[in-house]
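S.K.: Following this message is one structure expressed as structure tokens.
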Amino acid sequence: MKIGVYGGTFNPPHLVHLISARFAMEYLGLDRLIFMPTGDPPHKELPAHSPPAQKRLEMMILAADSMLLPSRVEVDQMEVRREGKSYTADTLSELHEQYPDDELWLLMGTDMFLTLQNWKKPETICELAHLAAFARTQADTGEMLEIQGKYLSETFGAKCAVIQLPQITPVSSTQLRDLLEKGEGREYLPAAVYGYILRDALYGTHADLRNLNHEDMTACSLSMVYAKRHAHILGVAETAVDLARHWGEDEELAFRAGILHDCTKYLTLEEHLAICGKYGMELDDMERQSAKLLHSKTGAALARNLYGQPDEVYWAIYWHTTGKADMTKLEKIIYLADYMEPNRKFDGVEELRRLCYEDLDKALLLGVGMSIEDLNQRGVPIHKNTQAAMDWLLKHGKG
Ligand code: DGI
Ligand code: FE
Ligand code: FE
């Protein structure tokens, strides 16, 4: 197996890192890629106000996840966890023990490549891994890299490759930090990383989480969930706005409820219970045992208490999983948008989509009915609010 090892401070990780990584995987034919955020970097001090290693690690995890290659790309915590200064030679030794039969490729920027002889134990590095330097600009391609490659191979037996990156708008982490402080730069970041930065007010950003514009609210929401759910969340927001327009409901509230509805989807049961406890939410026995049932409640709680959303948004999120008797128009819209946004694929979804624009209650009856059938088939107990939604629709709806 060929494994790429991409180290760096990732302060913050940005799109040029990801594009470089993807390009290296293709160019070198890597089976896997390991991002290795540094803990305490030996070659330079981190600039003032840099987030601690743990936060850089969390941002790197979000960035790597956004590549949507979960079985091939991972983030290793070895250097972040290691006490004291971290050296690449030590890291490679440890990786070599983990992967004795695999071919390691150390990926790095040209500045690193050109100074490799000054690192700790360059001979060990060159023995344990091949080297790949990213050439970002035309100037990088020049003689210097070739001469350095030759020098490293003659001196340390290194095997080197130069990866000429495609034309990309170059941005350095230094430039990016300056931009972020001025409220700019989000186009250089995966949305989830930008959202993480806003939520934590990193790099001098100072977003008011209770008054976010659409773009920033989207970034914050996406930063809270795995990337595989991003398309669904965006689809729900878009579909909810469309349904709101069709049915004369408030499009702004529909957007906010849609974009935030699943923001707590991947919390653990303990985390859900902590949030419910914090905001004094009453739970029944079934809810206390089910993260799936709780994510709508905790999503609502954070929408209100973290993102300053009004009651309408709170309740639309609160009821989006089970539904309930006598739902408001916005509640119906979010429930249905969640059910049939464009990424949902199941038998009957087309019919449900059509009904949503014809009769909300009929659509709801179909949706809740399918849910109950599905839960029954899987032997999952029906929550009383799901049943109450059904009963109400049968009595009052046009079923
Ligand atoms: O969060 P999404 O996946 O987008 O969709 P959702 O909020 O409708 O959640 C669906 C999950 O919730 C699904 O795994 C089943 C669960 N669920 C929905 N209704 C009930 C339920 N679980 C139980 N136990 N009882 C219900 O009535
Ligand atoms: Fe949900
Ligand atoms: Fe959802």
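The values are calculated or read from the model by the stated rules, or taken from the named source; none is laboratory data. Keep in mind that what you see is a predicted model, and the values were worked out from it rather than measured. Note: ideal-geometry Cβ built from the backbone for every residue, glycine included; neighbour counts use all protein chains shown.
S.K.: Any residue at all in the stretch 291-298 that's outside the structural domain of Ser71 (by TED's automatic domain parsing), touching a residue at least 40 places away in the same chain (Cβ under 8 Å), assigned to a helix (DSSP H, G or I) and within 20 Å of Asp208 (Cα to Cα)? Break it down stepwise before answering.
M.R.: Keep residues of the stretch 291-298 that are outside the structural domain of Ser71 (by TED's automatic domain parsing), which gives 291-298.
This time we only want the ones that are touching a residue at least 40 places away in the same chain (Cβ under 8 Å), so: 293.
Applying the additional criterion that residues be assigned to a helix (DSSP H, G or I) yields 293.
Applying the additional criterion that residues be within 20 Å of Asp208 (Cα to Cα) yields none.
Checking the stretch 291-298: not a single residue is outside the structural domain of Ser71 (by TED's automatic domain parsing), touching a residue at least 40 places away in the same chain (Cβ under 8 Å), assigned to a helix (DSSP H, G or I) and within 20 Å of Asp208 (Cα to Cα).
S.K.: Also, quick follow-up: Six or more apart or on different chains, Cβ under 7 Å: which pairs go from a residue in the stretch 328-346 that's on the phi < 0 side of the Ramachandran plot to one that's of a type in the set (Lys, Arg)? Could you list them?
M.R.: Pairs that qualify, where the first residue is on the phi < 0 side of the Ramachandran plot and the partner is of a type in the set (Lys, Arg), are Met340/Arg353.
S.K.: Exactly one of (1) modelled with pLDDT under 90; (2) closer than 19 Å to Ala129 by Cα is unmet by Tyr27. Its number?
M.R.: (1)
S.K.: Give, as residue ranges, the helices (runs of 4 or more DSSP H) completely inside the stretch 119-200 that count at least 2 residues that are under 23 Å from the mean Cα position of the chain (by Cα).
M.R.: It comes to 173-181, 191-199.
S.K.: With the checklist (1) part of a helix (DSSP H, G or I); (2) within 16 Å of ligand 3 (Cβ to nearest atom) in hand, flag the one item Asn376 doesn't pass.
M.R.: For Asn376, the failing item is (2).
S.K.: Pull up the stretch 188-201, narrow it to residues that are surrounded by fewer than 21 Cβ atoms within 10 Å (Cβ to Cβ) and touching a residue at least 24 places away in the same chain (Cβ under 8 Å), then point me to the one that is nearest to Pro52 (Cα to Cα).
M.R.: The initial filter retains those residues of the stretch 188-201 that are surrounded by fewer than 21 Cβ atoms within 10 Å (Cβ to Cβ), namely 199-201.
Imposing the further condition that a residue be touching a residue at least 24 places away in the same chain (Cβ under 8 Å) reduces the set to 199-200.
Numbers: Arg199: 15, Asp200: 12 Å.
Of everything passing the filter in the stretch 188-201, Asp200 is nearest to Pro52 (Cα to Cα).
S.K.: What do you reckon, is Val241 touching a Gly at 6+ places or on another chain (Cβ under 9 Å), more than 16 Å from ligand 2 (Cβ to nearest atom) and either at positive phi or at pLDDT 95 or above (or both)?
M.R.: Considered against the rule, which asks whether it is touching a Gly at 6+ places or on another chain (Cβ under 9 Å), more than 16 Å from ligand 2 (Cβ to nearest atom) and either at positive phi or at pLDDT 95 or above (or both), Val241 comes out as yes.
S.K.: Within the stretch 206-239, how many residues turn out to be under 14 Å from Leu260 (Cβ atoms), within 13 Å of ligand 3 (Cβ to nearest atom) and of a type in the set (S, T, N, Q)?
M.R.: Result for the stretch 206-239: 1.
S.K.: Looking at Leu375 and the list (1) under 25 Å from the mean Cα position of the chain (by Cα); (2) among the aliphatic types (A, V, I, L, M); (3) within 16 Å of ligand 2 (Cβ to nearest atom), which single condition is not satisfied?
M.R.: Only one criterion is unmet by Leu375, namely (1).
Residue-by-condition table, conditions (1) in a helix (DSSP H, G or I); (2) surrounded by fewer than 21 Cβ atoms within 10 Å (Cβ to Cβ); (3) out of contact with any Asp or Glu (no Cβ under 6 Å at 6 or more places or on another chain); (4) at pLDDT below 95:
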| site | (1), (2), (3), (4) |
| --- | --- |
| Leu267 | no, yes, yes, no |
| Glu270 | yes, yes, yes, no |
| Met281 | no, yes, yes, no |
| Met286 | yes, yes, yes, no |
| His320 | no, no, no, no |
| Lys332 | yes, no, yes, no |
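S.K.: Taking the stretch 255-265 on its own, how many of its residues are within 13 Å of ligand 3 (Cβ to nearest atom) and in a helix (DSSP H, G or I)?
M.R.: The qualifying residues number 4.
S.K.: Looking at the stretch 299-311, which of the residues that are part of a helix (DSSP H, G or I) and small (Gly, Ala, Ser) is nearest to ligand 1 (Cβ to nearest atom)?
M.R.: Gly299
S.K.: Still on this structure, please answer the following. Only one of Tyr314, Tyr339, Tyr335 is away from ligand 1 (no atom under 15 Å from the Cβ) and hydroxyl-bearing (Ser, Thr, Tyr). Can you tell me which? Even if it seems obvious, please write down each step before you answer.
M.R.: Working: Tyr339 fails: away from ligand 1 (no atom under 15 Å from the Cβ); Tyr335 fails: away from ligand 1 (no atom under 15 Å from the Cβ).
Just one listed residue meets the conditions, Tyr314.
S.K.: Looking at the stretch 125-136, is at least one residue assigned by TED's automatic domain parsing to the domain that holds Val16, of a type in the set (Phe, Trp, Tyr) and at pLDDT below 95?
M.R.: So in the stretch 125-136, the residues assigned by TED's automatic domain parsing to the domain that holds Val16 come out as 125-136.
Going one step further and asking which of them are of a type in the set (Phe, Trp, Tyr), we end up with 134.
Narrowing further to those that are at pLDDT below 95: 134.
Looking through the stretch 125-136, at least one residue is assigned by TED's automatic domain parsing to the domain that holds Val16, of a type in the set (Phe, Trp, Tyr) and at pLDDT below 95.
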